[in-house]
Amino acid sequence: AALCPQVGSHRDISLQSLALFRLLEPRIEILVLGTGDRVEHLHPDVLRQMRLCGIAVEVQDTPNACATFNFLTSEKRLTAAGLIPP
């Protein structure tokens, strides 16, 4: 299922915008975030809070994030993706 929270750019990625990923059951291990045409840095507090919830976050440009997501799911990892179109 595709869900579209109000995230227009990497600047909109916050702990609140990632709340859905913390609620998924079964709990995901890895969240792959695609930040558009290029890798963008997220606020360290957002990454730390996600880690504290037991979710690793991988931030990449969107084309590579798609490839990473496909690889991780083929490995049967509990993975979700949040992708901003390039």
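The values are calculated or read from the model by the stated rules, or taken from the named source; none is laboratory data. All figures in this text were calculated on a predicted structure; none of them were measured in a lab. Backbone-built Cβ (ideal geometry, glycine too); neighbour counts: all protein chains shown. For accessibility, only protein heavy atoms count, side chains too; no ligands or nucleic acids. Shrake-Rupley method; radii C 1.70, N 1.55, O 1.52, S 1.80 Å.
Working carefully through the options Glu25, Glu40, find the one that is without any contact (Cβ under 8 Å) to a residue 40 or more places away in the chain, loosely packed, with under 13 Cβ neighbours inside 10 Å and among the acidic types (Asp, Glu). Walk me through how you get there before you give the answer.
Working: Glu40 fails: loosely packed, with under 13 Cβ neighbours inside 10 Å.
After applying the criteria, what remains is Glu25.
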Checklist entry - Taking only pairs six or more apart or across chains, which ones have beta-carbon atoms under 6 Å, a first residue in segment 69-86 that is over 19 Å from Leu24 (Cα atoms), and a second residue that is open to solvent by 80 Å² or more (accessible area, probe 1.4 Å)? => result Pro86/Asp37
Next on the checklist: If Lys76 meets every condition in (1) at pLDDT below 95; (2) part of a loop (DSSP other than H, G, I, E, B); (3) open to solvent by 60 Å² or more (accessible area, probe 1.4 Å); (4) not aromatic (Phe, Trp, Tyr) apart from one, which number is that one?
Outcome noted: (1)
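Does Ala65 satisfy the condition of being in contact (Cβ under 8 Å) with a residue 12 or more places away in the chain, in a helix (DSSP H, G or I), open to solvent by less than 30 Å² (accessible area, probe 1.4 Å) and of a type in the set (Gly, Ala, Ser)? Spell out how you get there, then give the answer.
Numbers: in contact (Cβ under 8 Å) with a residue 12 or more places away in the chain: yes; in a helix (DSSP H, G or I): yes; open to solvent by less than 30 Å² (accessible area, probe 1.4 Å): yes; of a type in the set (Gly, Ala, Ser): yes.
Yes, satisfied.
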Item to check | Subset of segment 11-42 (residues that are in contact with a Phe, Trp or Tyr (Cβ under 8 Å, 6 or more places away or on another chain) and either part of a loop (DSSP other than H, G, I, E, B) or more than 14 Å from Ala80 (Cβ to Cβ) (or both)) | outcome: Ile28
